[in-house]
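In what follows, a structure is listed as structure tokens, so that the remarks can point back to it.
The values are calculated or read from the model by the stated rules, or taken from the named source; none is laboratory data. The structure presented is a predicted model; accordingly, all values stated were derived computationally and were not measured. Positions of Cβ are backbone-derived with ideal geometry, glycine not excepted, and every protein chain shown enters the neighbour counts.
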Amino acid sequence: MKGIYFYIFFWMIWIIATFFMKKTERRTKLAAATLMTMALSRFGMNIGSFRVTLSFLFLLVSAYYLLAARQAVWNLAYMFLATITITFAYTSFRLLALCDPIWIWTNPTWMMAIILLIISFMFYRDMVARFLCLIIGSCQGDVLYAFVLKSFSFPYIIGSFSFFDTISVCCFCLLGWTLLEQLPLHVDLKKPAKGTKQT
């Protein structure tokens, strides 16, 4: 069922943000953005000869805004290189799955998500930068994929549930990896200092 990963992941993020995070402006924005993305996923609009979902536009514009607000000017060129790499990797995988599916030996959503994650790890260590790199690169890749299909007169919706399934699996795996990276730090903090006694 297309969209199952998308809804599971985004509902999970919304629940965590709403009920478990501290009441801050950041938490409110995260919960609102998550709910907005899910609400807009059923609606679309025509841009030229392409059909684009509103959730895709919302996600892409939000990612560009965060990138412009967070990154220094001299870091934008590096982010551009990273996102372009993911863009071509995304489009190439989708075309490979379409033209020669025999090479796709397992679930294509998970397979592509792992490939995109590895690329983001090669470029960045910071979790937020990895998120932005993955989201922007994948969005651009979906647009490029639509242009390629359009040249062969194949219909395609930009920002479909297949796209959001891939994004959701990428973000879920990235969150899990980040927690594993931080686990040794939390374990070390809980260890008693040398020369002290536990009570």
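For this structure, a couple of remarks:
- Flag if Ser92 is out of contact with any Lys or Arg (no Cβ under 6 Å at 6 or more places or on another chain), surrounded by fewer than 19 Cβ atoms within 10 Å (Cβ to Cβ), more than 21 Å from Cys170 (Cβ to Cβ) and not aliphatic (A, V, I, L, M): no
- Taken as a whole, the condition of being in contact with a helix residue (DSSP H, G or I) (Cβ under 7 Å, 6 or more places away or on another chain), within 27 Å of Tyr124 (Cβ to Cβ) and of a type in the set (Val, Ile, Thr) does not apply to Thr18.
- Failed condition for Val52, given (1) in contact with a Leu (Cβ under 8 Å, 6 or more places away or on another chain); (2) of a type in the set (A, V, I, L, M); (3) under 13 Å from Phe163 (Cβ atoms): (1)
- Sole residue being over 25 Å from Ser153 (Cβ atoms) and either at pLDDT below 90 or touching a helix residue (DSSP H, G or I) at 6+ places or on another chain (Cβ under 7 Å) (or both), chosen from Phe50, Phe10, Phe93: Phe10
- The numbered conditions (1) within 30 Å of Lys150 (Cα to Cα); (2) without any contact (Cβ under 8 Å) to a residue 40 or more places away in the chain; (3) among the aliphatic types (A, V, I, L, M) are all true for Val52 except (2).
- Whichever residue in region 21-32 is touching a helix residue (DSSP H, G or I) at 6+ places or on another chain (Cβ under 7 Å) and surrounded by fewer than 17 Cβ atoms within 10 Å (Cβ to Cβ) and, among such residues, is modelled with the lowest pLDDT: Met21
- Residue in region 159-179 that is exposed (fewer than 10 other Cβ atoms within 10 Å of the Cβ) and either part of a loop (DSSP other than H, G, I, E, B) or modelled with pLDDT under 85 (or both) present: no
- Within region 108-142, considering residues that are of a type in the set (Val, Ile, Thr) and touching a residue at least 24 places away in the same chain (Cβ under 8 Å), the one nearest to Ile47 (Cα to Cα): Ile136
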